[in-house]
Amino acid sequence: MTGKPPLDPDLIAELGDDAGLDVFEVAGQIKWFDVGKGFGFIVPDNGMKDILLHVTCLRRDGYQTAYEGARIVVEVLDRPRGLQALRILSMDESTALHPSQLPPSRTHVQITPTSGLEKATVKWFNRIRGFGFLTQGEGTEDIFVHMETLRRYGLTELRPGQDVMVRFGDGPKGRMASEVRPVNGSSIPASH
């Protein structure tokens, strides 16, 4: 006996046909997790294949996200389509990389900011297409914002009319955001 609590009856009901599958414990590290997509992967310490970590598992066990590099211990199901985390037993974020610490994505141009942190309003944003535009008012050039820039700063989407703080620079086709933060003030660092 391992001393682990038994599976919650609601969780067993949720598993349906998978309820009879073996559940085993695995320790590993978060490879990546995308709140917008609703899933990510764990790299197990024991060399097994990557483990799918679904957002419902995170939220059910009291977590909102999983940062790259965080240490995690999970109970895993070996489903026909691969390994999937069933329950999070522990997560240690002391080794995790915060999105702002991650290297810039190679999917879009790296922008060197030429502005300070300035207020702007979301003109429009399409999460599926992965980009949108900010405005600083009538007669100003729009600021292109890419989804990867949002992810680096822990944001998953923007809403038209939403006010944000932005640093931007000149891209190949005009102004581009290099940093986007909420206006609420709680997460806006001082400019350097």
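A single member of 91, 48 is more than 29 Å from residue 127 (Cα to Cα) and not hydroxyl-bearing (Ser, Thr, Tyr), and it is 48.
Of all residues in the stretch 152-181, exactly one satisfies the criterion of being of a type in the set (Val, Ile, Thr) and exposed (fewer than 14 other Cβ atoms within 10 Å of the Cβ), namely 156. Among the residues of the stretch 58-99, those identified as in a strand (DSSP E or B) and among the acidic types (Asp, Glu) are 75, 78, 92. Look at the stretch 22-42: where a residue is outside any strand (DSSP E or B) and a partner is exposed (fewer than 15 other Cβ atoms within 10 Å of the Cβ), sitting 6+ places away or on another chain with Cβ atoms under 6 Å, you get 35/156; 36/156. Does residue 75 count as farther than 28 Å from residue 125 by Cβ, surrounded by fewer than 19 Cβ atoms within 10 Å (Cβ to Cβ) and among the charged types (D, E, K, R)? Criteria met by residue 75. Checking each residue in the stretch 107-166 for being of a type in the set (S, T, N, Q) and out of contact with any Phe, Trp or Tyr (no Cβ under 6 Å at 6 or more places or on another chain) picks out 107, 110, 112, 114, 121, 126, 135, 136, 140, 149, 156, 162. Candidates in the stretch 45-61 are the residues that are free of Cβ contacts under 8 Å to residues at least 24 places away in the same chain and not charged (D, E, K, R); of these, the one that is nearest to residue 154 (Cα to Cα) is 55.
Read the figures in this text as sums done on the coordinates, not as results from a lab. Predicted model, so just to flag it, every value in this text is computed and none were measured. Note that each Cβ is placed from the backbone with ideal geometry, even for glycine, and that neighbours are counted across all protein chains shown.
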